[in-house]
Amino acid sequence: MKNNTKTRFTSAFEEDVYSGLTSYPKHLSSKYFYDKKGDKLFQDIMNLPEYYLTNCEYNILANNTQEIADAFTGANGFDLIELGAGDGKKTKLLLRYLTDKKIDFDYLPVDISQNALDELEGSLKKELPSISVKPQQGTYFKTLERLSDYNSRKKVILVLGSNIGNLLHKDAIDFLKQIQEAMSPDDMLFMGFDQKKNPQTVLDAYNDPTGVTEAFNKNVLERINSELNGDFDLESFFHWETYNPESGTAKSFLISKEKQTVTINDLALTVNFEAWESIHTEISQKYDNMIVEWLASQADLKVTDSFADEKHFYKNYIFRK
Ligand code: AVI
């Protein structure tokens, strides 16, 4: 391999792509799936019949709205802070109930993308015009830090979609710890965790026959091509999914169909692939109560309640300090 080591990177993307593709085995982070095209592909994934996560969580929120909303409500109202709000389809179930009951709360969706926040705010203005929406643009952690002394009323932190599943346990504990540190004794965290289930059901959710998941996975290569001046031939890689029922870890890979060389001009990098060599791109962790309680204890949080869908495919847990 001919690598003219480039020591100065102009972005985290450059640095991560460089280190991931010069490692053995090769890897790239799933956080780079998401740009305008990746966001749209993820929306399409959420509408796939095989991708049960979205419907399960929607059903949990629809079937337990009152109980969940009652747990949220504080004596002086509360701030509902949602990390990674997306299109808010599931959250709107709760927002509508809270509004109908005239409960005093502010909704603070947090997202890195101002565009996503603008779209969400626009749709809320139309559908639920009386809600007080205070969008927070920024990373989760910076925003949580800022909001931890934002005001003295109860904070409810919402993380839906089993987004925590894209983190290794070590990073998931760090994530929970940072949330815990931003919480006061009355505050609560409401978080979704996809559950262990028939391994085939998991594999099918990440391996749809229409190829949307494959296109989503390959979007990281497209971004390298367009943003770092690379020449990945997308057709010479295919998507591969594995699931380990013991650990509960689903893993996505891109596999090179042949021996080939890829050049990434902006990194002055040439990457050689053997036939069948892999790039690991994502983990989607599946949980059970034991793992969730262990993660919580590692982050000094307690699980105080949980809600499941009928098939027990998915659970939302309430955590307190
Ligand atoms: C965002 N995240 C929780 C999704 C998941 O299930 O891991 C991303 C995804 N990857 C492939 N399909 C969906």
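Structure data summary
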{"quantity": "Dipole axis of the chain (+1 Lys, Arg; -1 Asp, Glu on Cβ), positive-most option in Tyr34, Pro209, Phe273", "calculated": "Tyr34"}
{"quantity": "Partners for Lys177 among lysines (Cα-Cα distance below 22 Å; same-chain residues under 8 apart left out)", "calculated": "Lys31, Lys142, Lys154, Lys155, Lys286, Lys302, Lys315, Lys321"}
{"quantity": "Gain on full stretching of the segment that runs from Thr210 to Gln137 - 0.36 nm per residue minus C-alpha separation", "calculated": "22.9 nm"}
{"quantity": "Estimated inter-spin distance, Asn163 and Leu203, nm [label 7 Å along Cα→Cβ]", "calculated": "3.1"}
{"quantity": "Separation in nanometres of the label points that stand 7 Å from Cα toward Cβ, at Asp44 and Glu274", "calculated": "3.4"}
{"quantity": "Total formal charge among the other residues, if their Cβ is under 12 angstrom from that of Tyr52, Lys/Arg +1 and Asp/Glu -1", "calculated": "-4"}
{"quantity": "Gyration tensor (alpha-carbon) shape descriptor, the chain, a/c threshold 1.5", "calculated": "prolate"}
{"quantity": "Within the chain: Cβ-based charge dipole about Cα centre, in debye rounded to nearest 20 (Lys, Arg +1; Asp, Glu -1)", "calculated": "460"}
{"quantity": "Cα gyration tensor shape for the range 110-217, rounded if a/c is under 1.5, else prolate or oblate", "calculated": "oblate"}
{"quantity": "Charge context of Lys90, other residues only, Cβ under 11 angstrom, K/R +1, D/E -1", "calculated": "-1"}
{"quantity": "Per-residue [θ]222 nm for the chain (sum of -39500 (n - 2.57) over DSSP H runs n ≥ 4, rounded to 500)", "calculated": "-11500 deg cm²/dmol"}
{"quantity": "Relative contact order for the chain, counting Cα pairs under 8 Å that sit 6 or more residues apart, in percent", "calculated": "23"}
{"quantity": "Residue-span extension gain [Asn63 to Asn76] - 0.36 nm each, minus C-alpha spacing", "calculated": "2.1 nm"}
{"quantity": "Relative packing of 106-117, 16-27, which averages over residues the other C-beta atoms within 10 Å, highest first", "calculated": "106-117, 16-27"}
{"quantity": "Label-point separation, Lys170 to Lys126 (7 Å along Cα→Cβ), nm", "calculated": "4.5"}
{"quantity": "Rounded, prolate or oblate (a/c below 1.5 giving rounded, otherwise prolate when a/b exceeds b/c) for the range 281-321 by Cα gyration tensor", "calculated": "oblate"}
{"quantity": "The chain: angle of helix 91-100 to the longest principal axis, Cα-based, in degrees nearest 10", "calculated": "20"}
{"quantity": "Under Karplus coefficients 6.51, -1.76 and 1.60, residue-wise ³J(HN,Hα) of the range 298-309 in Hz, glycine/proline x", "calculated": "5, 9, 6, 10, 10, 7, 10, 6, 8, 10, 10, 7"}
{"quantity": "Förster-model FRET efficiency, 25 Å R0, Lys37 and Glu119, C-beta, rounded to 0.05", "calculated": "0.95"}
{"quantity": "Extension gain (nm, one decimal) between Lys102 and Arg8, 0.36 nm per residue minus Cα-Cα", "calculated": "28.4 nm"}
{"quantity": "Charge dipole (the chain, unit charges on Cβ, about Cα centre) - positive-most of Ile255, Tyr24, Phe190", "calculated": "Phe190"}
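Since every read-out is calculated from the coordinates, none of them should be taken as a lab result. Since the model is a prediction, treat every value here as computed from it, not as a measurement. Here Cβ is always computed from backbone atoms with ideal geometry, including for glycine, and neighbour counts include all displayed protein chains.
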